[in-house]
Every structure is written in C-alpha cells, then in structure tokens.
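See below for the structure under consideration.
The values are calculated or read from the model by the stated rules, or taken from the named source; none is laboratory data. Keep in mind that this is a model prediction, so the values were computed, not measured. Neighbour counts run over all protein chains shown; Cβ positions are idealised from the backbone, glycine included. Ligands, DNA and RNA are excluded from the accessible area calculation, which covers all protein heavy atoms including side chains. Shrake-Rupley method; radii C 1.70, N 1.55, O 1.52, S 1.80 Å.
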Amino acid sequence: FNVANSGIARVWRSVLKELASSDLLASRNLKLMILNRSDVLSDLDFESVLFPKYNFSYPATDREILSQVCVTYNVDLFTSSYYTFALGRPSLMTVYDLIPEVFDFGRISRGWLERELAIMHASAYVAISTSTKEDLRKYYPFINPSSISVARPGVDTSIFYRRSEQAIIEFKIKHNLHDFLVFVGSKRHENVYKNVVLLFEV
C-alpha cells in the first residue's frame, strides 16, 4: 500500500474489508495479522503491527525484519500484497501478471529481481486469471501446477455499476461528448502501458 495506490491496492483493500466483515476467519479458527506499512488499513478490525515502509534499495533488510516478525508472532503462513517474503516461513504469493517475463524486461531493476526471488520462494500461488496461471507455468516450469490456484478479482458494485441512461446523457452533455473511450490507468512506461498508444490511435 505504500508503493502505489494502484488497482492491486484496491483489490487487497476489498479482500481485507470482506474478511473483516465476515466470519470466514473465525469459523476456521484463523487469525489475520497485518503488517501495516501505511495508515490506509487502520480502520479494519485486525491486529496490526506498525511496520517500516518498503524501500527498493534495501530488500534484504526488509526480508530480515519480516522474518524476525514471523518468528516473534509465531506466523504459520506469510502473504504479501507486493513481492516481499519472509525466510523460514511458507509463503502464499498472489501473481497479478508476468509482464516482465512476457515482454522480456530482463532484470533491469532490483524490483524485478526481488519479484523473481519471491516467486521462487513461494510455497503456493494465487493467479488472478487462467492466462496468468499459464504464464506462470510457462516461465517458471519448476513450479508444481497443483500449487497454483486461480482467484479472479471481483467488482465492488458500490463503486462500479452501470449508470442509468439518463445519467449517461447528462454526463455527455456536461462534458460536451458524443462517443468517447475511457482509459483507466496512467501513461507510464513511455506511453505503452496498457496499450494506451493503441487507444490514442483509435
């Protein structure tokens, strides 16, 4: 959550909010503890431990502190919203995509190398699509296919829902639009991120 307020952060916030409002954990005698690197999760009813923000320059130090916390709190399973991991503990890793591998970014940054180490360290994986699962199997063939599950992100219908025809008409009038395209994201990576160039060409 301290790296970027991205779609991934939205997914995790929704998942944690759902877990906080259900009896899923209690019914299975499970306890969730959050290592809170920022204040955005302080409203959720989980045990929370204040934790240093992630620093791309010191991943080994971060890993060492994570490992110490897991020992101190007797953690059985570690999972991260990003690509961090604790040594000496089983790790469940969520895999969003394999863009660096598919587009052959190589190890151009320490962040990609850390991501690769996290993939190699994980005990089990949750891929957000069947396509991501197949990419994971292709680029990391040593991973046991039975350790990969697919869990597609849901939609928060309190935010994302189809507007009424009247609301659409009013929106078009207000912004002087006839037909329009919507791009969700930012113009990163020299305007190639999420095919934004193709959108502009259209």
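Rg and Dmax in Å for segment 16-120, alpha carbons only: what are they?
15.2, 45
Please work out the Kirkwood hydrodynamic radius for the chain, using every pair of different C-alpha atoms, and report it in angstroms with one decimal place. Display every interim value, and only then the final one.
Working: mean 1/r = 0.0510 Å⁻¹.
Taking the inverse mean of 1/r over all distinct Cα pairs, the chain comes out at 19.6 Å.
Accessible area of the chain with a 1.4 Å probe: how many percent of it is carbon plus sulfur?
For the chain, the apolar C and S fraction of the accessible surface comes to 55 percent.
With +1 on each Lys and Arg Cβ and -1 on each Asp and Glu Cβ, and nothing else charged, work out how big the dipole of segment 1-131 is about its Cα centre, in Debye to the nearest 20.
On the way: 12 positive and 14 negative charges, 21 e Å.
For this selection, approximately 100 debye.
Per residue of the chain, what 222 nm ellipticity follows from adding -39500 (n - 2.57) for every DSSP H run with n ≥ 4, rounded to the nearest 500?
Computed ellipticity for the chain at 222 nm equals -10500 deg cm²/dmol.
Give the share of C-alpha pairs in each 5 angstrom bin for segment 79-126, from 0 to the last occupied bin, in whole percents, shortest bins first.
Whole-percent P(r) values from 0 Å outward: 5, 22, 32, 22, 14, 4, 0.
Please report the projected area of segment 107-174's Cα convex hull averaged over all directions, in nm².
On the way: hull surface 32.8 nm².
One quarter of the hull surface, i.e. the mean projection, equals 8.2 nm².
Write down the accessible area per residue of the chain in Å², having rolled a 1.4 Å probe over the full set of protein chains.
Per-residue accessible area for the chain comes out at 69 Å².
Once R0 is set to 41 Å, what does the formula 1/(1 + (r/R0)^6) return for the Cβ-Cβ distance between LEU198 and ARG28, expressed as a FRET efficiency to the nearest 0.05?
0.35
Calculate how steeply helix 165-174 sits against the longest principal axis of the alpha-carbon atoms of the chain, using the helix alpha-carbon long axis, and give the answer as 0 to 90 degrees to the nearest 10.
80 degrees
Collect residues whose amide H, placed 1.01 Å from N in the peptide plane, falls under 5 Å from the amide H of VAL126; neighbours closer than 5 in sequence don't count.
HN-HN under 5 Å from VAL126: MET93, THR94, VAL95, SER149.
Which whole-Hz ³J(HN,Hα) couplings does segment 10-23 yield from phi under the Karplus relation 6.51 cos²θ - 1.76 cosθ + 1.60, θ = phi - 60°, glycine and proline marked x?
Once θ is set to phi - 60°, the couplings for segment 10-23 become 5, 4, 5, 5, 5, 4, 5, 4, 5, 5, 5, 8, 10, 9 Hz.
When only C-alpha pairs under 8 Å and at least 6 residues apart count, what is the relative contact order of the chain, in percent? The partial results should precede the final answer.
On the way: 189 pairs, mean separation 25.0, N = 202.
Relative CO of the chain lands at 12 percent.
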